Structures are given as C-alpha cells and as structure tokens.
Amino acid sequence: MLLSVNIQEAGYSRQFPTLKNLRFSVSPGELVGLIGPNGAGKSTTVKSIMGIIHHFKGDIDVNEYAYIPERPIFYAQLTLWEHIDFLFSTLATTDETAFFQKAHELLDLFNLSAAAHSYPERFSKGMQQKMMLVLAFLKQAKLYLVDEPFMGLDPKAVKKLLLKLEEEKEAGAGILMSTHVLDTAEKICDRFILISGGKLIVQGTLNDIRKLSHLKNGSLLDCFDALTEDY
C-alpha cells in the first residue's frame, strides 16, 4: 500500500471542518480518481495527506510522493533550469547523468526546451503548469498526488500528461488524481472516490458505482448526479 488515508475530520478551522470520516487507499499500479464538484473537499484531502492543513484528526500513512499542484508554485528569482538544478540538489541518491537526460526529455515532451533558461513568472499559465509536470515527473516517485491537473493545459498537453501518467502507472507507481473533469476521469481511472460536501459518497470501480446508483450503463457524471442528489 502506497497511501492509506483515515481522516476523522480536517479543514481550515476546528469549528468548521471541511472533511469528516473519509477513508481510502492507493496501491501500486493504480490510478484512483478523487472526484467531486468544486468545494467538495478534494484539495483539502490532498493537503491533509501532505500534512499542510490547519486542522486534522486521523491517520495518514503515505509513501514518498511527487505533487502536482492545482496552481503553479515556483521561485520567482529562479529560471526553469535553475528549478531543475535545485530539485537535483534535494535528491541525493539520484544519478546525475540520468537525471538531467530525463530533464531534457521532459522539457522536449512538454515543449519547454526553448524556455529552459527563462523565468517562470513570465510564462503563460499553461507553461507554468507544464513546468510543474516536469518537476514532478523528474522525482520518479512511487506515489503521485495530482490536484486538478488539467487547469490551463491545452488539449495536446492534456494528452501528453495522460500518457505520462499511464507510463508511470505501468512502472508500478500509484496515482491519486483530484479532479472535477468527470468525462476524462471515467476514461483513465481504475477506481473512484466520490465526495460531496466533505463526505464520502461511494468508492469503487465504475461498475461498482453504476450498481450503487442503479444506472446500469450510466456515465460517471450520471452516476455522480444520482448519488449526490441529496447533498
């Protein structure tokens, strides 16, 4: 097990917790979709796993992970390549030649090679998000926490991201992907965790969710609507 989550309650204040009684896990070689509408508690869940939420009760057992944030995070005074250099300095056991070869491959994949020595504060939102992808995949982690990854990406970049996630999954990585883009999640996720209003609605495969929603051939969106009509 790469990730085991048992959240009794979590949020930005003790008086008004965002999440209650949320339990799930992620195993090697699977992509689990954490899905729900805006404000459902998806980002709060990810922050709880990372240990950066203000109020938390429960237990988190998490492997070493790479994080792809919803909003790009970077140092304004460093170029893209200097971010890559800095990342390498934090990974003491990484083979230098292999690391920087991988860096060039990822920059080429996401069309950032020409911007390698530029400052990310001058990038478009899409370029900044692709920079986050490069840095995350450079860690070659066993677990990836991916928070609303499609924001700001054009269709070609989305396709490249999905192919890269599949590649990492096939190599044995576990992936928890938070998203409200249900049509894409339906196509790529092995299992789903549906939350609404900070509560777990249901978890399982698409077939499991169809059975619970009594929609034999329903889309993930249809099932989600049926299961959350009282929330």
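Along each principal axis, taking the top coordinate minus the bottom one, the Cα set of region 75-139 gives 33, 24, 17 Å in descending order. Separation of region 10-66 from region 137-171 is 19 Å, based on Cα centroids. Semi-axes of the equivalent ellipsoid of the chain are 31, 20, 17 Å, computed as sqrt(5λ) over the eigenvalues of the C-alpha gyration tensor in descending order. How many lysine pairs in region 109-231, separated by 8 or more positions in sequence or lying on different chains, have Cα atoms less than 13 Å apart? Lysine pairs meeting the criterion: 7. Within the chain, the longest segment free of exposed loop sites, counting trypsin sites (Lys or Arg not before Pro) that fall outside DSSP classes H, G, I, E and B and have at most 12 other Cβ atoms within 10 Å, spans 15-215. The distance separating the Cα centre of region 74-94 from that of region 182-213 comes to 36 Å.
Which loop chymotrypsin sites (Phe, Trp or Tyr not before Pro) in region 61-155, with loop taken from DSSP, have no more than 15 other Cβ atoms within 10 angstrom of their Cβ?
Answer by residue number: Tyr75.
Size descriptors for region 127-202 (Cα atoms only): Rg and Dmax, in that order, 12.8, 35 Å. Measuring spread by the Cα atoms of region 33-150 yields a radius of gyration and Dmax of 15.4, 46 Å. With helices as the sole contributors, the chain gives -11500 deg cm²/dmol at 222 nm; each DSSP H run of n ≥ 4 counts as -39500 (n - 2.57), and the sum is divided by every residue.
No value in this document is a laboratory result; all are computed from the given coordinates. Just so it is clear, the model here is predicted, and its values are computed rather than measured. Heads up, the Cβs are rebuilt from the backbone with ideal geometry, glycines too, and the neighbour counts pull from every protein chain shown.
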